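**Student:** This structure is in structure tokens; I'll ask about it shortly.
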Amino acid sequence: MKLFGTDGVRGEAGTFLNASLAMRVAMAAGIYFKKHSITNKILVGKDTRRSGYMIENAIVSGLTAIGYDVIQIGPMPTPAIAYITESMRCDAGIMISASHNSFEDNGIKFFDGHGDKLSSEVEAEIERIYRDEDIIIQAQARAKNIGKAKRIDDVIGRYIIALKNSFPRELSLSGMRIVLDTANGAAYKVGPTVLEELGADVVVLHNNPNGYNINEDCGALHTKDLCEHVLMFRADLGIALDGDADRLVVVDEKGEVVDGDQLIGALGAYINERGLLKGGGVVATVMSNQGLEDYLQGLGLELHRSAVGDKNVLEIMKRDGINFGGEQSGHVIMHDYAKTGDGLVSALQTLALILDKKEKASKALRPFELYPQKLENIKIAKKKPLEDIDGLTPLLKELDDKHIRHLVRYSGTENKLRILLEGQNSKELDKEMDKLIEFFKKALNG
């Protein structure tokens, strides 16, 4: 079974991702990082899932067993791990989180010493080491060479300073009322603290994690509660994070969710207006709406499209010297301020945009109209290669002939098939989507 998916190693805790797998993955990763070791330290953080205790201890055991010293910092957002790994000059950073998934799942995400996510080539090398029993046995330390671990509780201050430094010094959140949903996740402490220190009146939702309620009917994937509270408290903005706070969803003052592509377009234009956009363009994924591409072209900017996954977005950003990109799902990468998608950095830049323009969020964050788009997820029994499914090619050819943009792919972390359709006629999209769903249910679940 393949270890790495679209974002690290992820699966149900206690079954696929059990203690023995976590320990061996940590050993394999440690063996790889030791080849380039400078400080012999690896940072480990986690979100608020109950299974994090099990996986954290297994990872610490694996790393110390091959001679690494481990720094444990407890519940912190994924982007904080990236930042602190580089700040503390660690050889690598590890985040224990399944992001937006429910508490039953967990995951292991790796960062190199620069705070960057690992390339597919490095992941493949770690997986090769994982499967080589001789390498694992030979790497185990003995006597005085066994590593040690210590827990540090005050690193949250470093990350708070970095977040505040990303917000323009000439601006203040004083007078703004913000509703923040921390999804009972990793940002339940740092999120409210940053907004309050910058002067905002903050109403906080879902900031009482108990190990099981992370992402449960709250956060970036479940915004009903946030929308209602924005209206109830007459707030200027609603901010929803996911379990590890690398994703952002914004709700305007009318209690309506701002589409992720519109947010990317508004932020891209704002960064460009300030003369801070590098590379002459923005990076998004194949999932992004054609309306975003047309809007950016009207501003003289190019939209580069990557495969789905913030790691793929970041690879193109680095390749082409671009400092801004993201996914419509809420992963927004401001590379001048963060190594990866950071929900709080993106939220602060969104607030800066609204303050600078002196406009309501409903206007400032919707600079263009979206083309009709329909997205469906189908639970499937098995992931059969799409090219081996009889009858699919002519079905997709029919969509091309009708000028309907389509994207069919498997989830990298779940047994789901994702279907995206985009075109000018929403009723026609509904009809074609129903046809595709019926086709795939027979082909993959029959």
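The values are calculated or read from the model by the stated rules, or taken from the named source; none is laboratory data. Since the model is a prediction, treat every value here as computed from it, not as a measurement. Ideal geometry is used to build each Cβ from the backbone, glycine not excepted, and the neighbour counts take in all protein chains shown. Ligands, DNA and RNA are stripped out before the accessible areas are found, and what is left, the full protein with its side chains, is counted by its heavy atoms. Shrake-Rupley method; radii C 1.70, N 1.55, O 1.52, S 1.80 Å.
**Student:** Round to a whole angstrom and tell me the spacing of the C-alpha centers of region 395-426 and region 267-309.
**Tutor:** Result: 22 Å between the Cα centres.
**Student:** Which whole-number percent gives the relative contact order of the chain, counting Cα pairs below 8 Å spaced six or more residues apart? Please list the in-between numbers first.
**Tutor:** On the way: 952 pairs, mean separation 57.6, N = 446.
Worked out over the chain, it gives 13 percent.
**Student:** Here's another thing I want to ask about it. Using Cα positions and a limit of under 17 Å, work out the aspartates and glutamates in reach of K41, with same-chain residues fewer than 8 apart set aside.
**Tutor:** Here the aspartates and glutamates satisfying the reach criterion relative to K41 are E56, D69, E86, D91, D112, D116, D153.
**Student:** At a 10 angstrom cut-off on C-beta neighbours, averaged per residue, how do the peptides 390-399, 266-275, 351-360 rank from highest to lowest?
**Tutor:** Going from most to least packed, we get 266-275, 351-360, 390-399.
**Student:** How fast does region 114-163 diffuse by Stokes-Einstein, in µm²/s, taking the Kirkwood radius from C-alpha pairs at 37 °C and 0.692 mPa s?
**Tutor:** Numbers: Rh = 14.7 Å.
So the translational diffusion coefficient is about 223 µm²/s.
**Student:** Still on this structure: What per residue convex hull volume, in Å³, do the alpha-carbon atoms of region 1-77 yield? All intermediate terms of the calculation are to be shown ahead of the outcome.
**Tutor:** Values: hull volume 7.9 nm³, N = 77.
Residue-normalised Cα hull volume stands at 103 Å³.
**Student:** Please report the net charge: other residues with Cβ closer than 11 Å to the Cβ of K278, K and R +1, D and E -1.
**Tutor:** Numbers: positive: none; negative: D320, D336.
Local net charge: -2.
**Student:** A follow-up question, please. Using a cut-off of 14 Å between alpha-carbon atoms, which aspartates and glutamates can reach K435, once sequence neighbours fewer than 8 places away in the same chain are excluded?
**Tutor:** Output for K435: E376, E398.
**Student:** In addition: Given only helices, namely DSSP H runs of n ≥ 4 each adding -39500 (n - 2.57), what is the per-residue ellipticity at 222 nm of the chain, to the nearest 500 deg cm²/dmol?
**Tutor:** Calculated mean residue ellipticity at 222 nm is -11500 deg cm²/dmol.
**Student:** Step through the residues of region 7-23 one at a time and calculate ³J(HN,Hα) from phi using the Karplus curve (6.51 cos²θ - 1.76 cosθ + 1.60, θ = phi - 60°), rounding each to whole Hz and writing x for Gly and Pro.
**Tutor:** Calculated HN-Hα couplings, in order: 8, x, 9, 9, x, 5, 6, x, 10, 5, 8, 9, 5, 5, 5, 4, 5 Hz.
**Student:** Which one, P192, P79, P372, has the greatest fluctuation when you compute a Gaussian network model over the chain with C-alpha springs under 10 angstrom?
**Tutor:** It is P372.
**Student:** Still on this structure, I have one more. Contact order normalised by length for region 280-392, with contacts defined as Cα pairs under 8 Å and 6 or more residues apart; what percent is it?
**Tutor:** 22
**Student:** Tell me, what ³J(HN,Hα) does each residue in region 100-115 have, in order and in whole Hz, if you take phi through Karplus 6.51 cos²θ - 1.76 cosθ + 1.60 with θ = phi - 60° and put x for Gly and Pro?
**Tutor:** Each residue's phi maps through the Karplus curve to give 8, 5, 6, 5, 4, 8, 8, x, 10, 10, 10, 10, 7, x, 8, x Hz.
**Student:** Restricting to Cα atoms and excluding each atom paired with itself, what does the Kirkwood estimate give for region 165-262 in Å? Kindly include the intermediate steps, with their values, before the conclusion.
**Tutor:** Numbers: mean 1/r = 0.0749 Å⁻¹.
Averaging 1/r across every pair of different Cα atoms and inverting gives 13.3 Å.
**Student:** Which of the lysines could be linked to K431 by a straight reach, that is with a Cα gap under 18 Å, when you skip same-chain ones fewer than 8 residues away?
**Tutor:** Reachable lysines: K374, K397, K402, K441, K442.
**Student:** At what distance in angstrom do the alpha carbon centres of region 125-166 and region 357-375 lie from each other?
**Tutor:** So the separation of the two Cα centres works out to 42 Å.
**Student:** Can I ask one more? Given a 1.4 Å probe, how much area per residue of the chain is accessible, in Å²? Please report the intermediate quantities before stating the final value.
**Tutor:** Details: 18850 Å² over 446 residues.
Accessible surface, normalised per residue, equals 42 Å².
**Student:** Highest first, please rank the peptides 280-292, 318-330, 22-34 by the mean number of other Cβ atoms sitting within 10 Å of their residues.
**Tutor:** 22-34, 280-292, 318-330
**Student:** Can I ask one more? Enumerate the calculated ³J(HN,Hα) couplings along region 362-367 in order (Karplus 6.51 cos²θ - 1.76 cosθ + 1.60, θ = phi - 60°), each rounded to whole Hz, writing x wherever the residue is Gly or Pro.
**Tutor:** 4, 8, 5, 9, 10, x
**Student:** Distance check, please: which entries in K224/K360; K117/K379; K2/K109; K109/K416 exceed 18 angstrom between their Cα atoms?
**Tutor:** Correct reply: K224/K360; K117/K379; K109/K416.
**Student:** Can you check how the C-alpha radius of gyration of region 1-133 compares to 2.2 N^0.38 Å, as a plain ratio?
**Tutor:** Numbers: Rg = 13.0 Å, N = 133, 2.2 N^0.38 = 14.1 Å.
Cα Rg divided by the expected 2.2 N^0.38 Å: 0.92.
**Student:** Something else now. Using a cut-off of 15 Å between beta-carbons, work out the net charge of the residues near I66 (Lys and Arg +1, Asp and Glu -1, I66 not included). Don't jump to the answer; show the numbers that get you there.
**Tutor:** Details: positive: R24, K34, K35, K41, R142, K144, K148; negative: D69, D91, D132, E133, D134.
Charge balance near I66 sits at +2.
**Student:** Related question: Based only on the alpha carbon positions, what is the Kirkwood hydrodynamic radius of the chain, in angstrom?
**Tutor:** 22.7
**Student:** Stokes-Einstein D for region 78-192 at 25 °C, 0.890 mPa s, Kirkwood Rh over Cα pairs, in µm²/s? Numbers along the way, then the final one.
**Tutor:** Numbers: Rh = 17.5 Å.
It diffuses with D of about 140 µm²/s by this estimate.
**Student:** What ratio of Cα Rg to 2.2 N^0.38 Å holds for region 264-321?
**Tutor:** On the way: Rg = 10.7 Å, N = 58, 2.2 N^0.38 = 10.3 Å.
Normalised Cα radius of gyration, region 264-321: 1.04.
**Student:** To continue, here is another question. So how compact is region 174-323: Cα radius of gyration and Dmax in angstrom?
**Tutor:** Answer for region 174-323, Rg first and Dmax second: 16.7, 48 Å.
**Student:** For a protection proxy built on the mean count of beta-carbon atoms within 10 angstrom, sort 176-189, 106-119, 234-247 highest first, please.
**Tutor:** Descending packing order for the listed peptides: 234-247, 176-189, 106-119.
**Student:** Starting from the coordinates of the alpha-carbon atoms of region 271-366, obtain the Kirkwood hydrodynamic radius over all distinct pairs and give the value in Å to one decimal.
**Tutor:** Evaluated on region 271-366, it is 13.6 Å.
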